[in-house]
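Peer 1: Next up is a structure, given as structure tokens.
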Amino acid sequence: MLETLRRSIGMQLARLHFRSSKEKVISFRQSVASAHSALVILPLASSSGEEEVSLLAPLRTHFSERNITVLASGPPQQIERALPRATVLRITSADITAFFLPRHGVIDRVREHTYDVAVDLNLDFMLPSAYICRESNARVRVGLAGPHADAFFNFQVRLDSAVQHGHAYERLLKCFQMFFPAEGA
């Protein structure tokens, strides 16, 4: 019960923080097609991370590895093997406040770079990663649709309940790739 109260307070604090920022009207197709840098937030509560890390390799077809930043809670070895020249930022439980908001140090590390696209790969809404995604100031902020997602993401992918967790990332990647220009085009 106390955790639910803390989450609720954290959500209200996040909404208060972002209330004055206005969203620009953008063309998603143009914004994603012309994107040069990406922030990818791996699931914060991931067990192995192998499935999520396998999603990073297709990003190389559109982004230079040097322009990809990956935020992860687990060890960076798998990420560094998949994208050796990408920037890897680590987040730990110590980087999260009692109200489930990321501490300023994490936000400062994320904001050291600029991003055209930010993608939150958490399958369940996680306030810390959604907050980081919004704070990244990326033109396109991608996350899964759900309660509270409107406050953080301007592109939401809706997964029907029949989609199993194992196929959710494939669905998300296919949806996102619709906006990438075809090879050689």
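The values are calculated or read from the model by the stated rules, or taken from the named source; none is laboratory data. Just so it is clear, the structure is predicted and the values come from calculations on it, not from any experiment. Note that we place each Cβ from the backbone using ideal geometry, even for glycine, and neighbour counts take in every protein chain shown.
Peer 1: Going by the structure shown, is ALA145 under 19 Å from ALA38 (Cα atoms) and either in contact with a His (Cβ under 8 Å, 6 or more places away or on another chain) or small (Gly, Ala, Ser) (or both)?
Peer 2: When the stated conditions are applied, ALA145 does not pass them.
Peer 1: Quick one: would you say PRO181 is touching a helix residue (DSSP H, G or I) at 6+ places or on another chain (Cβ under 8 Å), modelled with pLDDT under 90 and surrounded by fewer than 18 Cβ atoms within 10 Å (Cβ to Cβ)?
Peer 2: Spelling it out, PRO181 is indeed touching a helix residue (DSSP H, G or I) at 6+ places or on another chain (Cβ under 8 Å), modelled with pLDDT under 90 and surrounded by fewer than 18 Cβ atoms within 10 Å (Cβ to Cβ).
Peer 1: Can you name every residue in the stretch 82-103 that is without any contact (Cβ under 8 Å) to a residue 40 or more places away in the chain, surrounded by 11 or more Cβ atoms within 10 Å (Cβ to Cβ) and not in a strand (DSSP E or B)?
Peer 2: ALA82, LEU83, ARG85, ALA86, ASP95, ARG103
Peer 1: Right, here's the next one. Of all residues in the stretch 116-142, which are surrounded by fewer than 24 Cβ atoms within 10 Å (Cβ to Cβ) and touching a Pro at 6+ places or on another chain (Cβ under 6 Å)?
Peer 2: ASN122
Peer 1: Which residue out of ARG139, ARG111, ARG81, ARG90 is farther than 28 Å from PHE18 by Cα and either of a type outside the set (Asp, Glu) or at pLDDT below 85 (or both)?
Peer 2: So the residue among ARG139, ARG111, ARG81, ARG90 that is farther than 28 Å from PHE18 by Cα and either of a type outside the set (Asp, Glu) or at pLDDT below 85 (or both) is ARG81.
Peer 1: While we're looking at this one, here's another question. If VAL106 passes every condition in (1) out of contact with any strand residue (DSSP E or B) (no Cβ under 9 Å at 6 or more places or on another chain); (2) within 23 Å of LEU13 (Cβ to Cβ); (3) touching a residue at least 12 places away in the same chain (Cβ under 8 Å) but one, which one does it miss?
Peer 2: Condition (1) is where VAL106 drops out.
Peer 1: Can you tell me which residue is nearest to LEU44 (Cα to Cα) among those in the stretch 61-81 that are charged (D, E, K, R) and loosely packed, with under 13 Cβ neighbours inside 10 Å?
Peer 2: Here the residue is ARG81.
Peer 1: Any chance the stretch 47-68 includes a residue that's modelled with pLDDT under 90, basic (Lys, Arg) and either farther than 19 Å from ARG171 by Cβ or in a helix (DSSP H, G or I) (or both)?
Peer 2: Yes, the conditions are met somewhere in the stretch 47-68.
Peer 1: Of the residues in the stretch 143-152, how many are crowded, with 20+ Cβ neighbours inside 10 Å and at positive phi?
Peer 2: 0
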